[in-house]
Ligand SMILES: O=C(O)C(=O)C[C@]1(C(=O)O)C=C[C@@H](O)C=C1
């Protein structure tokens, strides 16, 4: 390519950037207008609801449907995700609590779902995220709920039993673990590997093969593991890209998770009910009386009405010995007439039924 050609293309890019800039600013002004309308049309005593997850899901899906490349759908949706995040911040900057410290996969999930134009607050434990939301100190919380290799995150499920929360969104994140070391680490004499217990479990086979005799130390998060390694010469951490970048660690081995499709699902929790989008999921908690066939009775209405169950998890109820609650996720919105009828049918048999929330299926 000649210098001349390169110069001409850059002139074209400059002119396109100017148009994009103008269009984004137009869009941002529109969002400001939306905020004005939302505030102006309030009934007495109502507070405006600026964040609209159902609308955001619609916008991102539309972008993906209309996209003709060469950028991929996910890439394009990510760009629009950030534009929307900044537009919303003009209406009202969202405050988000997540399972910290900084650099966790939960933080990455929060950014994937809400974009970067939010005020985010790392919390030390899952229960603290729930309490922060319940106290109204933040608009939403982000917590992990299940991993494709290791299963349920029990702390999160149990927290739902203790707090009244509405699930308003979900996001899935592909989890890649790396073996990280600091600049002072003597890589041939590593005697300790730190990570969160779930991550150690997700890399068990790799560790057995490569570091069979090295002590594995479970700490409160991957980011905490990365932080510790920074000050020690004989240890390594298993953590992801965000923690590596944040603590300036380098990768001794990359993508060491035992399963290449290792993914974690995260939930957005808050107090806001989300209207139907036509492509939603619902999460409920049900407790049944302790009698033979109770689980069968619970599942029959779903089967008979062709409702797609995406997950079922059992946890001790905490209100009696050997009594259990079921966490169930299924496709549909609790306001859909069919789902409404099924939930009514179940509640006649159940000791208790609580809808945790209906929310748009993860778009990104
Ligand atoms: O449509 C709205 O209600 C808006 O506030 C606009 C907008 C957007 O930028 O598209 C911004 C924030 C909402 O969460 C959803 C969408």
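The values are calculated or read from the model by the stated rules, or taken from the named source; none is laboratory data. In this text the structure is predicted, and so the values were computed from the model without any measurement. Don't worry about glycine lacking a Cβ; one is built from the backbone with ideal geometry, like all the others, and counts go over all protein chains shown.
Couple of notes before you dig in:
- Flag for residue 97 being in contact with a strand residue (DSSP E or B) (Cβ under 7 Å, 6 or more places away or on another chain) and outside any helix (DSSP H, G or I): yes
- Residue satisfying all of: in the range 30-50; more than 9 Å from the ligand (Cβ to nearest atom) and not in a helix (DSSP H, G or I); surrounded by the most Cβ atoms within 10 Å (Cβ to Cβ) among these: 48
- Here residue 176 meets each of (1) in a loop (DSSP other than H, G, I, E, B); (2) farther than 25 Å from residue 247 by Cα with one exception, condition (2).
- Within the range 306-364, the set of residues being farther than 27 Å from residue 266 by Cβ and in a helix (DSSP H, G or I) comprises 337, 338, 340, 341, 344, 345, 347, 348, 349.
- The set of residues from the range 205-232 being out of contact with any strand residue (DSSP E or B) (no Cβ under 8 Å at 6 or more places or on another chain) and either exposed (fewer than 15 other Cβ atoms within 10 Å of the Cβ) or in a strand (DSSP E or B) (or both) comprises 205, 208, 209, 212, 213, 231.
For every residue, the table says whether it meets (1) within 15 Å of the chain's Cα centre (by Cα); (2) outside any helix (DSSP H, G or I).
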| position | (1), (2) |
| --- | --- |
| 110 | yes, no |
| 113 | yes, no |
| 117 | no, yes |
| 122 | yes, yes |
| 128 | no, no |
| 138 | no, yes |
| 142 | yes, yes |
| 149 | no, yes |
| 156 | yes, no |
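- Filter pass, residue 59 being at pLDDT below 95 and either within 9 Å of the ligand (Cβ to nearest atom) or assigned by TED's automatic domain parsing to the domain that holds residue 333 (or both): no
- When residue 281 is tested against (1) at pLDDT 95 or above; (2) in contact with a helix residue (DSSP H, G or I) (Cβ under 8 Å, 6 or more places away or on another chain); (3) assigned to a strand (DSSP E or B), exactly one condition is not met: (2).
- Condition check for residue 121: under 26 Å from residue 32 (Cα atoms) and within 16 Å of the ligand (Cβ to nearest atom): no
- Residue within the range 79-94 that is away from the ligand (no atom under 16 Å from the Cβ) and either assigned to a helix (DSSP H, G or I) or out of contact with any strand residue (DSSP E or B) (no Cβ under 9 Å at 6 or more places or on another chain) (or both) present: no
- One residue stands out among those in the range 179-204 that are within 21 Å of the chain's Cα centre (by Cα) and part of a strand (DSSP E or B): the one that is nearest to residue 275 (Cα to Cα), which is 196.
- Out of 222, 213, sole residue that is modelled with pLDDT under 95, in the same structural domain as residue 188 (by TED's automatic domain parsing) and closer than 13 Å to residue 199 by Cβ: 222
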